[in-house]
1. With θ set to phi - 60° and the Karplus curve 6.51 cos²θ - 1.76 cosθ + 1.60, what are the ³J(HN,Hα) couplings of region B:134-146 in order, to the nearest whole Hz, using x for Gly and Pro?
2. Which angle from 0 to 90°, rounded to the nearest 10, does the C-alpha axis of helix A:230-247 make with the longest principal axis of chain A?
3. Using the number of other C-beta atoms within 10 angstrom as an exposure proxy, rank B:D151, B:D273 with the fewest first.
4. For the protein assembly as shown, what is Rg from Cα atoms divided by 2.2 N^0.38 Å, rounded to two decimals?
5. Using θ = phi - 60° and the Karplus relation 6.51 cos²θ - 1.76 cosθ + 1.60, list the HN-Hα couplings for region A:328-337 in order, rounded to whole Hz, with x at every Gly or Pro.
6. Rounded to a whole number, what is D in µm²/s for region B:34-207 from Stokes-Einstein with the Kirkwood radius over alpha-carbon pairs (4 °C, 1.567 mPa s)?
7. Semi-axes, largest first, in whole Å: what does sqrt of 5 times each Cα gyration tensor eigenvalue give for region A:11-147?
8. What angle do you read, to the nearest 10 degrees and between 0 and 90, between the alpha-carbon axis of helix A:149-169 and the longest principal axis of chain A?
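No lab work stands behind these numbers, since they all come straight from the coordinates. A quick note: this is a predicted structure, and the numbers were derived from the prediction, not measured. Here Cβ is always computed from backbone atoms with ideal geometry, including for glycine, and neighbour counts include all displayed protein chains.
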Amino acid sequence: MISNINIYLKKSTESSKLAVFRICFGLLMLYSMVRFWSKNWIHTIYVEPKFHFKYYGFEWIQSLGSFTYALFIICIICSILITLGLWYRLSIIVFFLSFTYIELIEKTTYLNHYYFVSLLSFVLIFLPASSCFSIDSILKKKQYSQVPKWTTDSIKLLMIIVYFYAGLAKINSDWLLEALPLKIWMPSKYDIPLIGETFLQYEWVHYLMSWGGMLYDLTIPFLLLNKRTRMIGFFLVLFFHLFTAILFPIGMFPYIMILSALVFFDGQTHDKIIKLLKRPISVFMKKSKAVIIEKLSTFEYKRPKLILITLAIFFLVQIVVPFRYVLYPSELFWSEEGYRFSWRVMLVEKIGYTTFKIKNKDTGVIFEAPCTNMLTKVQTKQMSFQADMILEFAHYLGDYYKKQGLHNIAVFANSYVTLNGRPKEQFIDPSIDLLSIEESFKHKVWIIPYKYDIKGF
Amino acid sequence: MIKKILALSFIFICFFISCSGDGDSESSQSSATVWEQKSQMLENWADNFILPNYESLLDNLFSLEESISVFNNNPNQQHLDNVRYGWLEAYKSWQYVEMFNIGPAEQTFYHLKMNVFPTSVVNIEQLVASGDYSPLDNSPYNSAQGFPALDYLLYGLSENDSEIISTYTINVNYRNYLAEIIQRMISNTSYVLDQWSNYRTNFISSTENTATSSANKMTNDFIYYYEKGFRANKFGIPVGVFSAGNVFPEKVEAYYSQNVSRTLALEAMNAIDLFFNGNGSYSLKQFIDNFATDEMSNLSSEINDQFDLARTSIEGLDQNFVNQLNTDFLQMGITYDVIQAGTVLLKTDMLSVLQIATDYVDADGD
């Protein structure tokens, strides 16, 4: 066993794989950041709100106001440096930190694919992605044709986790037996050319898409791993992600997954890609002096053990965390206890409506908090059906009214949520004073149990 | 390799499109396509609700203007009564317009110049005295014009009518201000209506499902009106739902005339009901009935039941909401709760069925 591991760890693979991955990642991040900026989301999401929802344990993260723009500039510069392979190690570390910081500022914008980017950039910190076809290799006058195989494999493993868990999560009664929520979403996509008015309106199509999506997620890692099925796998990747890009407003996610899937291809393909990329550059390079680069075989880590242990722990956590929901007795889709960070995408259609009542415990007087101006529309929408955010906002309201001189108060939530087309149900126990409750990993007993049962992972 | 992939994709897409052409597959929808249903709904809204409602409001405003000019020439009790009658008729027809804060109305902030209450007596008196009405173009003076300002000018200048009449007889400034207010209401309304003749084409052709398309904006406006203009302004704020236990009789609609607040609220309830059900043509109700999942198949009748409960509850209140608040405000709190139950239905179940992009939430999802 141990000797097998040792043999595996000594295996190497073409460094061009990491170089291509690095360039794709850098360019995609560059485009993502510029796109985010151009849509004015930095302002509407990070600058405008008076209050930010924080992740449990990360309440200390401060919103930077207008300086958030600086954080984005840092990310943009890092993306360019990553693409060029200049000061790679430093730029990927700074990118990981600044990108993750941005994500931690505001919880209502949590997206699985932002989380994926954070994780991916963390893994990339430990990989020698600038060991060839990079400015670093020119500056150091060293380039490596090979890197340890486990470096590219850790990217593959992360992708396998994402796909496989996303597929596992789709094995539930709503998704497979009712074709929910696709059955609700697809008819509203009638304005998509060609397929909107016809194809997307049929119920059998919703079932086909549900089952297809589940099978795709579960099998695609293996289709990509196996050399004989790789082409068909990549074709499915292209089709699936472009199709979802047309159907849903999911931003950069499809393109990130498509380009990331390239890492499964063999070294020859990557060498070809690099040759292709070199052509325009060589025109420019002819004018400058040719640099003699020492060509070395395999990149070797100075402290491989430390890095391997770090990555092993990282992946162990990634494999365990999505299953933490089993520790909660509540209906997962309803309470969302253990829902995030688990690659559960597209599984629920939820609309919530939550209002807050403030009770002056001295006088017994109850009034409704007029909180429409305190949150942005995005925040209101997300908060309305997520218990942790409702709790956090209740505490914010409590602080707000205490500052107004009402010291002895209680805050109650009147919350109604629809889940996958079922009639709304009351979500939060309206008799619970939310100020008496602190956020924790414990089961939230103040969420009213869902009267429907959704079976599955 | 790339060519192979492209060719494969092409074949795949062709396959999907050819499948989608199959006529025999079970369709959960009625025979009309979603586009057709949406454009029927938009046409119904434009031609049977928005345009005629604006027209009847404008007609009523013209009649009111006439009565006002008669009154201004010769202020007496009979002429005052005529003006008050005209004001109430116009105010009632306004209840059928307020929810249509869309297109030209939205662009010109028309609604804010028509019915922001409580009216600002201080501002009105200042303008009456100065004779300079240009501040009315600015938002701080929104509450010094429109129906609430007329309410004050026709009922609030004094406790008894003869003193009100003598105020107008003696002081030309009040006559001028009265004429100015009705003038502005007419010109603002005519402008919106004129613009609608062009805007109508845009309105009914914008049938896609985006945050800025007509059906989505109008549905959002409708819900917003129900929640804010109807629920909060007419009931919630006066009864003190949003303020620490204080009741505000002076914040009811038509505070100075006192006796019509219930009438106006019932007209508004009727307008909401008619708009939702479409008055016999394609509407939100039909749309819900065609698209609801099995679990939600009762939704439109549930919403109608809730509207009926709200109506009954409003009918049980004193016709003068000020009296109601002073004698038994808890009863009005109950009415508010019944109306609020409607808000919950509209904002959760209805939106879930309609699957429209709510408001202008512009962000990626996953």
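1. Couplings: 4, x, 4, 6, 9, 4, x, 9, 4, 7, 9, 9, x Hz.
2. In chain A, helix A:230-247 runs at an angle near 40 degrees to the longest axis.
3. On the way: B:D151 24, B:D273 16.
Exposure proxy ranking, most exposed first: B:D273, B:D151.
4. Values: Rg = 32.0 Å, N = 823, 2.2 N^0.38 = 28.2 Å.
That works out to 1.13 for the protein assembly as shown.
5. With coefficients 6.51, -1.76 and 1.60, one gets 9, x, 7, 5, 4, 5, 7, 8, 6, 7 Hz.
6. Details: Rh = 17.0 Å.
D = 76 µm²/s.
7. On the way: eigenvalues 195, 43, 27 Å².
Those come to 31, 15, 12 Å.
8. Long axis of A:149-169 versus the principal axis of chain A: about 30 degrees.
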